[in-house]
1. Pull out the extension gain between Ile274 and Tyr208, defined as 0.36 nm times the separation in residues minus the alpha carbon to alpha carbon distance; nm, one decimal.
2. How would you rank 335-344, 174-183, 300-309, highest first, on the average number of other Cβ atoms within 10 Å across their residues?
3. Shape verdict for region 210-283, please, from the Cα gyration tensor: rounded (a/c under 1.5), prolate (a/b greater than b/c) or oblate.
4. Filter Lys201/Lys225; Lys145/Lys193; Lys70/Lys247; Lys59/Lys388; Lys12/Lys70; Lys64/Lys145 down to the pairs with a C-alpha to C-alpha distance above 24 Å, please.
5. Work out, step by step, the length gained on full extension between Glu259 and Ile291: first 0.36 nm times the residue separation, then minus their alpha carbon distance; give nm to one decimal.
6. Under a cut-off of 12 Å between alpha-carbon atoms, report the aspartates and glutamates in cross-link reach of Lys258, not counting same-chain residues fewer than 8 places apart.
7. Could you order the peptides 266-276, 372-382 from most to least packed, using the average number of other C-beta atoms within 10 Å per residue?
8. Show me the ranking of peptides 76-85, 195-204, 16-25 by mean Cβ neighbours inside 10 Å, starting with the highest.
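The values are calculated or read from the model by the stated rules, or taken from the named source; none is laboratory data. Because the structure is a prediction, the values reported are computed rather than measured. Here the Cβ is made from the backbone with ideal geometry for all residues, glycine too, and neighbour counts use every protein chain on show. The area values use the complete protein model at the heavy-atom level, side chains included, leaving out ligands, DNA and RNA. Shrake-Rupley method; radii C 1.70, N 1.55, O 1.52, S 1.80 Å.
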Amino acid sequence: MSLSIGLDYEMKAITKLKETIETRLGWGPVEDWSNYDFEKLSDEILKVTGVNLSVSTLKRFFGKVKYQNKPSFTTLNALSAFAGYEDWRAFESSEMEEKVVVNETEQPKVQQSPKSDFRLKPYLFSSLVLLMAVAVFMFVKSKPKYDSQDFEFSSKTMMTSGLPNSVVFEYDASKADEDDSVFISQNWDVSRKVLVDRNGKNHSSIYYYPGYFRAKLLAGDHVLKEHDIQITTDGWMGILAAPQGEKPLYFNRDEIYKENEVGTELGLFEKYNIELTPDLPEVWFTNLKDIKGFKTDHFEFETEVKSTFSGAKAACQNVRVMLQGQDDILIVPLTQPACMGDIFLSAYGFGVHSSSADLSGFGTDMSEWTNLRVVCKNRQVEFFVNGKLAYEATTTNPVNDIVGVHVRFEGPGSVRNTVLKSGELVCVFD
């Protein structure tokens, strides 16, 4: 195989890998994905493969950010494993084998001159019959296999708030075909599903992280029913995120609540024997609750954050402030000025990387209290850092409800004075 043919096969395999993951996730065309979708995908890949692919890496791979270089083997291996293959070579080989089989089974085309009109008619008739058969097949295929009215799917949480929290699902999938296995998917990624008894009625599961999730009842690859689940917190919750397969550490309320702020200090890490080297632990502060009337197209949000650790790999003191929507998210990166060359800003459908935009306004001294203010009026968003306009954008995703706030630190950090407003409505996160 020549070098050019080999490269051609490789590029086609990369394209096929994109399509495979896009189809498996079932989130619609990748062109319509929001930054929240890429955040979810990054989390799911980490859970499945143990490899942490950044949002910017995934955006480059799927073409949301222009990038000329070929994806690294680390990226290709992780995505291939997520798609169900051993590694990138295994996926690439499977694609090449499929193409060889297709090529070997293709019949050579021989052009013949017809001797008479009579000899043409059978071929025309056969072609017409074939076209009609294809049309009928496509029509039948396009019709839904199942009627959602024939199935039941609901759930209840065992606690009104707090973590961990168990969810009990109640379902009726008895009318599903015997050939289709029945699953319950508890996350946005339908590939992360659990096989359940088609004649059963209940299934329980534990959620270790707060958030907004989409639960689905499936028969084979068909979604029968779906509904949203919100795992809320009782005020601010401090969580030390854990690697795939391990349980997170929950800080006690009296360990993180101080006068007018919540936060962690080095002493708390020492108490739990949490190492800050060689890799930085990620600390989440989350405040999700049942709030009403705050929409993603019109609001005013304000908070103050501070990173209290700059040693080891925390020289950039990266902080991400997230405003959670029901099916969307706004993510504001804050970092030391020297590190603003690799950050990503997103807002309910809008997203931009610092490689193609001036995001220098989000660089500031994170060792000091940093004021972040976000003002959105009729989808027009303005971001202010310490009173200065840092960026302007326009949201594009469908409008939905805002349900809470996440702040993520690399190591110790603190949050205070977090408020969400919309007209006369005011929500204080305390």
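1. Residue separation times 0.36 nm, minus the Cα-Cα distance, leaves 21.8 nm.
2. Per-residue Cβ counts within 10 Å, averaged per peptide and sorted highest first, yield 300-309, 335-344, 174-183.
3. Values: a/c = 4.36, a/b = 1.92, b/c = 2.28.
Cα axes put region 210-283 in the oblate bin.
4. On the way: Lys201/Lys225 14 Å; Lys145/Lys193 20 Å; Lys70/Lys247 35 Å; Lys59/Lys388 29 Å; Lys12/Lys70 12 Å; Lys64/Lys145 33 Å.
Distance filter (> 24 Å) returns Lys70/Lys247; Lys59/Lys388; Lys64/Lys145.
5. Extra length available between Glu259 and Ile291 comes to 9.1 nm.
6. Output for Lys258: Asp430.
7. 372-382, 266-276
8. Values: 76-85: 20.8, 195-204: 13.6, 16-25: 16.9.
Ranked from most to least packed, the peptides come out as 76-85, 16-25, 195-204.
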